[in-house]
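Here's the structure we're looking at; comments come further down.
The values are calculated or read from the model by the stated rules, or taken from the named source; none is laboratory data. Since we're looking at a predicted model, the values are computed, not measured. FYI the Cβ positions are ideal-geometry reconstructions off the backbone, even for glycines, and counts take in every protein chain you see.
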Amino acid sequence: MDKQELINKIIESVIGGDESEAEALAKLALDQSFDPLEIINEGYVTGIKQVGDMFESGELFLPELIQSAGAVKKSTALLNDAIKGDTKKDKGKVVIATVEGDMHDIGKAIVSSLMVANGFEVLDLGRDVPIMDIITRAEEFGAQVIGTSALLTTTMVKQQELEKTLRKEGLRDKYKTIVGGAPVTVRWAEKIGADAFAENAGEGVNKIIDLIGG
Ligand code: B12
């Protein structure tokens, strides 16, 4: 199967919520040595974004969205592991989390893997993580960067809460902060006083390198 054909099949499997097919195609992509990040972005991310649009327009409902998300999560986990590779982790320490109240973690996991692949030591706290927990874990881990993901307009405020809490605790200068997630913008980052915003995983890695000179 050529790459474009594989990508089309991946998109189809995601829209159809076919978890076993989506996973089998991820394995096939790895067997054929296609670039895992390209397969994630052009296949799984394209597919889940289409599902999101269909959900928004009422063509699909929550159970179907959940099914498709499950297919993407499992398949991208395989590809994320392949991205991480076996690099030396000496560029710096990053704590990353999806903020409290938010269950979206597919994008964050991609960002996390790409950071690892680029030599950062990453502590991924998962999703639905309270701000105080993020700060405590960053302190324990000795992080230089705190990255947060928010996919809901109602949870973006937690990124602002992080900035405020860091300032209140006298810790703001200790960390560089970076924010991301579909509704997040550079203007939001500026408004809340975050150090950087990134639209996608690749940009995220570059911004962190700029911030800490990794
Ligand atoms: C998959 C999905 C789900 C899955 C999530 C599964 C999971 N484990 O992640 C499930 C089914 C659980 C879900 C639930 C809900 N969802 Co939802 N979901 C989506 C969907 C379709 C795709 C999100 C996604 O994974 N995108 C693919 C990834 C790769 O992209 P990404 O997350 O944006 O990440 C990239 C960048 O943003 C960036 N990035 C992300 N984070 C970070 C962090 C840092 C530090 C950096 C540097 C970069 C970075 O890099 C990533 C890689 O390129 C979106 C639609 C959309 N277009 O976003 C809706 C969407 C976000 N969901 C929505 C809604 C409404 C919900 C629910 C409220 C539905 C409901 N009625 O229950 C619940 C909320 C649950 C909760 N409390 O969080 C709305 C949000 C609307 C809004 N204005 O807030 C959206 C936009 C759908 C829509 N159009 O209506 N959802």
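Within the bounds of the stretch 107-114, is there any residue that is touching a residue at least 12 places away in the same chain (Cβ under 8 Å) and either away from the ligand (no atom under 12 Å from the Cβ) or outside the structural domain of Val179 (by TED's automatic domain parsing) (or both)?
Taking every residue of the stretch 107-114 in turn, none turns out to be touching a residue at least 12 places away in the same chain (Cβ under 8 Å) and either away from the ligand (no atom under 12 Å from the Cβ) or outside the structural domain of Val179 (by TED's automatic domain parsing) (or both).
Condition check: surrounded by 16 or more Cβ atoms within 10 Å (Cβ to Cβ) and under 29 Å from Gly85 (Cβ atoms). Does Leu25 satisfy that?
yes
Inside the stretch 176-207, can you point out the residues that are within 8 Å of the ligand (Cβ to nearest atom), under 18 Å from Glu161 (Cα atoms) and either of a type in the set (S, T, N, Q) or outside any loop (DSSP other than H, G, I, E, B) (or both)?
The answer is Ile178, Val179, Gly180, Ala196, Phe197.
Under 7 Å between Cβ atoms, at least 6 apart or on separate chains: pull out the pairs that start in the stretch 48-67 with a residue that is more than 9 Å from the ligand (Cβ to nearest atom) and end on any residue that is part of a helix (DSSP H, G or I).
Once the first residue is more than 9 Å from the ligand (Cβ to nearest atom) and sits in the stretch 48-67, its partners that are part of a helix (DSSP H, G or I) give Leu60/Val51; Leu60/Met54.
Could you check the stretch 63-79 and list, in sequence order, the residues that are surrounded by 23 or more Cβ atoms within 10 Å (Cβ to Cβ) and either aromatic (Phe, Trp, Tyr) or in contact with a Leu (Cβ under 9 Å, 6 or more places away or on another chain) (or both)? If you could, list the steps in order and put the result at the bottom.
Of all residues in the stretch 63-79, those surrounded by 23 or more Cβ atoms within 10 Å (Cβ to Cβ) come to 68, 71-72, 75-76, 79.
Ser68, Ser75, Leu79 - these are the residues of the stretch 63-79 that are surrounded by 23 or more Cβ atoms within 10 Å (Cβ to Cβ) and either aromatic (Phe, Trp, Tyr) or in contact with a Leu (Cβ under 9 Å, 6 or more places away or on another chain) (or both).
Restricting attention to the stretch 18-30, which residues are under 28 Å from Pro63 (Cα atoms) and assigned to a helix (DSSP H, G or I)?
Here is the first cut: in the stretch 18-30, the ones under 28 Å from Pro63 (Cα atoms) are 18-29.
Correct list: Glu19, Ser20, Glu21, Ala22, Glu23, Ala24, Leu25, Ala26, Lys27, Leu28, Ala29.
Test of understanding: among Thr155, Thr136, Thr87, which residue is within 9 Å of the ligand (Cβ to nearest atom) and farther than 14 Å from Gly204 by Cβ?
Result of the check over Thr155, Thr136, Thr87: Thr155.
Taking Ser33 as meeting all but one of (1) buried (at least 16 other Cβ atoms within 10 Å of the Cβ); (2) hydroxyl-bearing (Ser, Thr, Tyr); (3) outside any helix (DSSP H, G or I), write down the number of the exception.
It is condition (1) that Ser33 fails.
Scan the stretch 73-98 for residues that are within 12 Å of the chain's Cα centre (by Cα) and more than 20 Å from Ala22 (Cβ to Cβ) and jot them down.
Ile96, Ala97, Thr98
Starting from the stretch 177-203, keep only residues that are assigned by TED's automatic domain parsing to the domain that holds Ala117, then list their pairs with residues that are of a type in the set (D, E, K, R) and not in a helix (DSSP H, G or I) whose Cβ atoms are within a distance under 6 Å, requiring at least 6 positions of separation or different chains.
Thr177/Asp195; Asp195/Lys176
Residues checked against (1) within 22 Å of Lys89 (Cα to Cα); (2) touching a Gly at 6+ places or on another chain (Cβ under 8 Å); (3) surrounded by 14 or more Cβ atoms within 10 Å (Cβ to Cβ); (4) hydrophobic (A, V, I, L, M, F, W, C):
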{"position": "Gln144", "(1), (2), (3), (4)": "yes, yes, yes, no"}
{"position": "Met156", "(1), (2), (3), (4)": "no, yes, yes, yes"}
{"position": "Leu162", "(1), (2), (3), (4)": "no, no, yes, yes"}
{"position": "Val186", "(1), (2), (3), (4)": "no, no, no, yes"}
{"position": "Ala189", "(1), (2), (3), (4)": "no, no, yes, yes"}
{"position": "Val205", "(1), (2), (3), (4)": "yes, no, yes, yes"}
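Exactly one condition in (1) more than 9 Å from the ligand (Cβ to nearest atom); (2) within 14 Å of the chain's Cα centre (by Cα); (3) assigned to a loop (DSSP other than H, G, I, E, B) is not met by Met103; state its number.
(1)
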